[in-house]
Amino acid sequence: MELRHVRTGVILGSLVALAVVGCATGKTATMGSGDPVADRQRLMKNNGANWAEIQNKVKAGNVEGVAVNAEALALHAQRIMLLFPEGSLTDKSKAKPDIWQKWPEFQAAAKNFENRAGTLRDQSVAKDAAAVTATVATFGRDACGACHTPFRVPPPPQQPAAPRS
Amino acid sequence: MGLGSQAGCLVLALVLLSPAVLSESAVAQAPSAAEIARGKYIFGATGGCGCHTIPKQPVNAGGRKYDGPFGTVYASNITPDRETGIGGWTDEQIITAIRLGRRSNGERLVPVHPYTVFNGMAADDLKALVAFLRTVPAVKRANQPKKITVPMFESVFLPAWLSAFAPRETPPATVPTSGVARGEYLVRAVGHCGECHTPRTMTMATDNSRFLAGNPKGPEDSEVPNITPDKATGLAWSEEEIADYLGTGNKPDGDVVGGLMGEVIEGTLAGYKDLTKADRLAIAQYLKTIPAVKNKIGK
Amino acid sequence: MQRRHVKTGVVLGSLVALALASSATGQSMAKIWTSDAVADRQRLMKLNGASWADAQAKLKAGNIEAIAVNAETMALTSTQIAALFPEGSLTDKSKAKPEIWQKWAEFEAAAKNMGAQAEKLRDAARSKDQAATEAVAKEFGRQACGTCHQPFRVPPPQQQQPPPPSPPQQLQPR
């Protein structure tokens, strides 16, 4: 077998396969805008808004109302990995290069977020006020902070107002 | 007012009215805007006569296909087109078709158009409905002939079936205007809800002993829900929720209706969504009064 | 150039590239091409329903600005819809109609429309204008959800039991 012919084939095949994969994941990789940085920032803003609402609802004693927000967090969590493709570390991004250097850890952090949000939702559906309150007390640190701490460039000291949506 | 001016008014009134009296028929033939609006409202309460409209195609132009054990029929063109629609029919002829199922040429309608149910509509409402139908844009589309597979269908089978099996609504002397009676009128006759929501007997007639108890094999192969007040298998929503649903398609769990029910809520030029809140509540109130029938539809 | 040598290479190369791409995007690739698509999209749709129910409850209570978070959640989920209906995913459990794949362009447009309607609702809520938000909310169910459910979904045969007075209850623990 002529190796250089095979090699040509390998290159051709890889390119085609990558293009196909690129197109296929491209359908889900972004949220229609084609800009993963903008898309993930939009998703994270909505995470923040849902989290803010969870806290408000718990304060108001609305334990069952938390489920819809927690489920939103859980579903958004599933999309995180796709929104951080290789090479998406632009000037606008607050992501740290550590994400791609420690990809399995990043993946674990996203999964952790998904799991904790799912637990919170289940506790809310079960109308378990004590469990919901306990979860919410540490959720910010355990679900969000566990990823933000190693993988996000911290926002400047001037905190913007809590996102409404 | 003095006697002289009263007499003067009377003379003036007579003078003005006499042409109207002399040409009474001319006045009677021109429906008022109010009557047409009433007709449009009734039209919406039927679901916008959606059976006569192919979705996204001109309203009332017919052509929609219905397969049944009798064969296949196509909905008629009920636009005011003179050649292919009902433009050349008199009011009486149109009303006869709607509630008695006979055309001006003597032909019987196949009761996919549920004339035995529409027979429950009040005369005033039918008159207004016809007035509105005549205002819908005329569309030239010839009716497609039906394909009947049952021998002696029109001469023997259909009349026998109608008299033996098909339940028939009767019209009220006056149109009920509010409350459960109003709801009953809207559900049983105008809205013809039973046509989809009542299970069928072996002869394919509606089984009114299980009125609105759902149909596992409804139109377009749909599973049509049981909307009797049965707690386990029927409709447990509040009256407010039912009324809201008919007006918007919103269900209490946040779901939104689709399919054929979505089609009739949306309607064509008008639909269930255009019913007043009072009417939708009346429908809901009536639904709470019908017998609860245990009939589980779907898995 | 010997074609069959090149072809061998193409096959080898594709396999290696796909394997590499798989490991990089991992979970996500599996999500696109497993039969989980039905369960995933039913879960997503349930979230849409719960979000819309929450929004309606807030509207009733006059809590206008808070509707924005539900609307934005729905806008975000709408961007996922098309990918959750891959060819061949019409299983027994699914309530999808074959029309989805026969009229794919229309289906995609309906999903995009849902997003546009949700953004409209979000923006009205953000403006804190009660009248404007009510006007959008009045049509939202039919325009954002109904326009797709009507042609593309098999209607459920039973009506869901109504939720308790405040929030929705139908999210099942997984």
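The values are calculated or read from the model by the stated rules, or taken from the named source; none is laboratory data. No experiment lies behind these values; they were computed from the predicted model shown. Cβ atoms come from the backbone with ideal geometry, glycine included; neighbour counts cover every protein chain shown.
Miscellaneous remarks
- The condition of being surrounded by 16 or more Cβ atoms within 10 Å (Cβ to Cβ) and more than 10 Å from chain B (Cβ to nearest Cβ) holds for only one of C:ASP129, C:ASP123, that being C:ASP123.
- Note on region B:58-104: residues that are free of Cβ contacts under 8 Å to residues at least 24 places away in the same chain and of a type in the set (A, V, I, L, M, F, W, C) amount to 3.
Residue by residue, here is whether (1) more than 20 Å from A:TRP51 (Cα to Cα); (2) assigned to a helix (DSSP H, G or I); (3) within 11 Å of chain C (Cβ to nearest Cβ); (4) basic (Lys, Arg) holds:
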position: A:LEU73; (1), (2), (3), (4): no, yes, yes, no
position: A:LYS92; (1), (2), (3), (4): yes, no, no, yes
position: A:GLU105; (1), (2), (3), (4): yes, yes, no, no
position: A:ALA130; (1), (2), (3), (4): no, yes, no, no
position: A:VAL136; (1), (2), (3), (4): no, yes, no, no
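- Here B:ASN77 clears all of (1) at pLDDT below 95; (2) polar (S, T, N, Q); (3) crowded, with 16+ Cβ neighbours inside 10 Å except the condition numbered (1).
- The set of residues in region C:85-109 that are exposed (fewer than 13 other Cβ atoms within 10 Å of the Cβ) and assigned to a loop (DSSP other than H, G, I, E, B) comprises C:GLU87, C:GLY88, C:THR91, C:ASP92, C:LYS93, C:PRO98.
- Leading residue by the ranking (farthest from B:LYS294 (Cα to Cα)) among those in region B:199-243 that are β-branched (Val, Ile, Thr) and touching a Pro at 6+ places or on another chain (Cβ under 7 Å): B:THR206
- Of the residues in region A:93-110, at least one is surrounded by 14 or more Cβ atoms within 10 Å (Cβ to Cβ), of a type outside the set (Val, Ile, Thr), closer than 30 Å to B:ASP253 by Cα and modelled with pLDDT of 95 or more.
- Each residue in region B:207-239 was checked for being in contact with a Gly (Cβ under 7 Å, 6 or more places away or on another chain) and at pLDDT below 95, and 2 pass.
- So C:LEU76, is it within 26 Å of A:ALA161 (Cβ to Cβ), surrounded by 19 or more Cβ atoms within 10 Å (Cβ to Cβ), modelled with pLDDT of 95 or more and within 14 Å of chain B (Cβ to nearest Cβ): no
- Filtering B:THR198, B:THR149 for residues that are of a type in the set (Ser, Thr, Tyr), free of Cβ contacts under 8 Å to residues at least 40 places away in the same chain and away from every other protein chain (no Cβ under 14 Å) leaves a single hit, B:THR198.
- Residues considered: B:ASP274, B:ASP255. Of these, the only one that is modelled with pLDDT of 95 or more and either crowded, with 22+ Cβ neighbours inside 10 Å or closer than 18 Å to C:PHE140 by Cβ (or both) is B:ASP274.
- Among the conditions (1) assigned to a helix (DSSP H, G or I); (2) of a type in the set (D, E, K, R); (3) touching a Lys or Arg at 6+ places or on another chain (Cβ under 9 Å), the only one that B:ASP81 does not satisfy is (1).
- Checked against (1) at the interface with chain B (Cβ under 9 Å from one of its Cβ atoms); (2) at pLDDT 95 or above; (3) over 16 Å from the mean Cα position of the chain (by Cα), C:CYS148 passes all but a single condition, namely (3).
- Residue check: B:GLY234 meets all listed conditions (1) over 30 Å from B:ALA138 (Cα atoms); (2) under 20 Å from the mean Cα position of the chain (by Cα) but one, namely (2).
- Only residues that are farther than 23 Å from B:ASP279 by Cβ and either in the same structural domain as B:HIS113 (by TED's automatic domain parsing) or within 19 Å of the chain's Cα centre (by Cα) (or both) were counted across region B:209-219, and they come to 2.
- The one condition in (1) at pLDDT 95 or above; (2) loosely packed, with under 14 Cβ neighbours inside 10 Å; (3) closer than 19 Å to B:CYS196 by Cβ that B:PRO69 fails to fulfil: (1)
- Verdict on B:LYS296 being under 25 Å from the mean Cα position of the chain (by Cα) and surrounded by fewer than 19 Cβ atoms within 10 Å (Cβ to Cβ): no
- The criterion of at least 3 residues that are within 11 Å of chain C (Cβ to nearest Cβ) and either among the acidic types (Asp, Glu) or touching a Lys or Arg at 6+ places or on another chain (Cβ under 7 Å) (or both) is met, among helices (runs of 4 or more DSSP H) falling completely within region B:213-299, by B:239-248, B:259-266.
- Among the residues of region A:75-90, those that are within 9 Å of chain C (Cβ to nearest Cβ) and either closer than 20 Å to A:ASN47 by Cβ or of a type in the set (Val, Ile, Thr) (or both) comprise A:LEU75, A:HIS76, A:GLN78, A:ARG79, A:MET81, A:LEU82, A:PRO85.
- Residues of region B:221-249 satisfying the condition of being β-branched (Val, Ile, Thr) and farther than 13 Å from B:LEU287 by Cα: B:VAL224, B:THR233, B:THR248
To keep it simple, each residue is scored yes or no on (1) at pLDDT below 95; (2) at the interface with chain A (Cβ under 7 Å from one of its Cβ atoms); (3) farther than 30 Å from C:PRO157 by Cβ.
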position	(1), (2), (3)
C:ARG4	yes, no, yes
C:GLY13	yes, yes, yes
C:LEU18	yes, yes, yes
C:MET45	no, no, no
C:ALA50	no, yes, no
C:LYS60	no, no, no
C:VAL69	no, yes, yes
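- Of all the numbered requirements in (1) more than 10 Å from chain C (Cβ to nearest Cβ); (2) assigned to a helix (DSSP H, G or I), A:ASP39 misses one, and that requirement is (1).
- Of all residue pairs spaced 6 or more apart or on separate chains, those with beta-carbon atoms under 7 Å, a first member in region A:46-62 that is facing another protein chain (nearest Cβ under 10 Å) and a second member that is among the charged types (D, E, K, R) and crowded, with 16+ Cβ neighbours inside 10 Å are A:ASN46/C:GLU72; A:ALA49/A:ARG164; A:ALA49/C:GLU72.
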